[in-house]
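The values are calculated or read from the model by the stated rules, or taken from the named source; none is laboratory data. The shown structure was predicted, so the numbers you read here are calculated from the model rather than taken from an experiment. Ideal geometry is used to build each Cβ from the backbone, glycine not excepted, and the neighbour counts take in all protein chains shown. Side chains are part of the model used for accessible areas, which takes the heavy atoms of the whole protein and leaves out ligands, DNA and RNA. Shrake-Rupley method; radii C 1.70, N 1.55, O 1.52, S 1.80 Å.
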Amino acid sequence: MFQQSHRPPSSPPLHHPIPQHPIPPMRSPPPVQQQQPLNTNPYIPRSGASGYGEGAGGAGEGRYGNLFNDTTAQVGLQVGRNAMLAGQEYVEQNFGKYFSVSMPTLKSYFNVSNNYVLRKLFLVLFPWRHKPWARQMKRSEVSGTIEGYRDPRDDINAPDMYIPVMAFTTYILLSSILAGIHGVFHPEILGYIASMAFAIVIFEILGLKLGCYLLSISNESQLMDLVAYSGYKFIGVILTMIAGSFIPGLLIKYIVFLYTFSAIAFFLLRSLKYVVLPESTVNAATSMTTTQRQRQRRIQFLFMYSFLCQFVLMWLLVKS
């Protein structure tokens with residue numbers, strides 16, 4: 001037997017695929033560009049954005065950059081400014097004569113000192129021997145011309161708003177405290193007392209303004225003067241309420257009320273003389289006759305306000 005040699009089968013030859021399309025040439029990657037930091041502020045326009053920045057038609061000009069440079073906008077602003085000035089002038093001409101109170105004028109009524117407050121309280125309660133009652137004039141340091149009346153700090157006869165406001169507030173608080181002491185306090189009583197006191201003051205001022213209008217009485221600072229003088233009555237009302245609450249017996253209360261009423265009435269009679277009875281410089285005979293008639297009517301009006309009106313209003317405030 002013949003032995004046959006065992007040979008492994010030979011592998012077929014390898015055939016590499018032939019590319020059907022041309023291979024593109026290899027290119028180097030593009031260089032890395034440094035990115036600019038993003039603008040996180042929403043109020044600063046980004047460069048290159050549509051409608052903003054330089055791409056909108058100029059460096060630093062945004063969509064609303066030329067709003068106030070526009071001719072139409074300028075005309076609109078000018079018309080609005082003229083309308084505002086015309087309205088302000090109309091209000092000053094038509095209503096300024098009735099409510100001619102400016103902020104510097106209002107501040108002057110609160111220009112007081114501790115010495116003035118003590119002396120004024122003493123004057124209101126003991127006005128019998130006080131002289132003089134005329135207000136002092138304020139003159140310019142440069143020209144020497146009269147600039148008006150002096151502030152309360154420099155003139156004891158000048159009306160102020162500090163004492164009336166404090167007396168009005170004290171009256172409301174004292175009424176609430178006394179109501180609590182007598183066991184009749186409830187939360188609504190505070191608003192009721194404040195509303196009633198405020199209504200009495202408004203009624204008094206309207207009556208004074210009406211009387212001054214009918215008697216042709218004019219004064220530069222008449223409104224604020226009348227408001228200040230109408231508030232001094234609360235001093236007598238407070239003393240009467242304290243006397244009636246802490247001193248037994250109605251006799252003491254009535255005595256205190258009559259005295260404080262008489263003192264405040266006399267104080268108003270003398271203090272309001274420069275408002276109701278201004279000095280007249282007319283020397284003509286016919287004008288003096290007319291002035292004398294007006295003077296008599298004004299004296300009657302001043303007497304009725306100082307005594308009759310104050311008695312009724314103070315009694316209402318004490319009883320409330």
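A compact table of results
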{"read-out": "Under 18 Å from the Cα of K273 - lysines, other chains or at least 8 residues apart", "value": "K120, K131, K209, K233"}
{"read-out": "Carbon + sulfur, % of accessible area of region 183-235 - ligands and nucleic acids excluded, 1.4 Å", "value": "73"}
{"read-out": "For region 162-276: accessible area per residue (Å², 1.4 Å)", "value": "48"}
{"read-out": "Distance in nm between pseudo-label sites at M137 and T71 (7 Å out along the Cβ direction from Cα)", "value": "5.8"}
{"read-out": "Stretch gain in nm, segment D154-T169, where the contour uses 0.36 nm per residue and the Cα spacing is subtracted", "value": "2.9 nm"}
{"read-out": "Stretch gain in nm, segment N115-F203, where the contour uses 0.36 nm per residue and the Cα spacing is subtracted", "value": "28.5 nm"}
{"read-out": "In Å², nearest 10: area of Y259 left accessible to a 1.4 Å probe", "value": "90"}
{"read-out": "Rounded accessible area of C309 (nearest 10 Å², 1.4 Å probe)", "value": "40"}
{"read-out": "FRET efficiency, I299 to S262 (Cβ-Cβ, R0 22 Å, nearest 0.05)", "value": "0.75"}
{"read-out": "Size-normalised alpha-carbon gyration radius of region 215-278, reference 2.2 N^0.38 Å", "value": "1.42"}
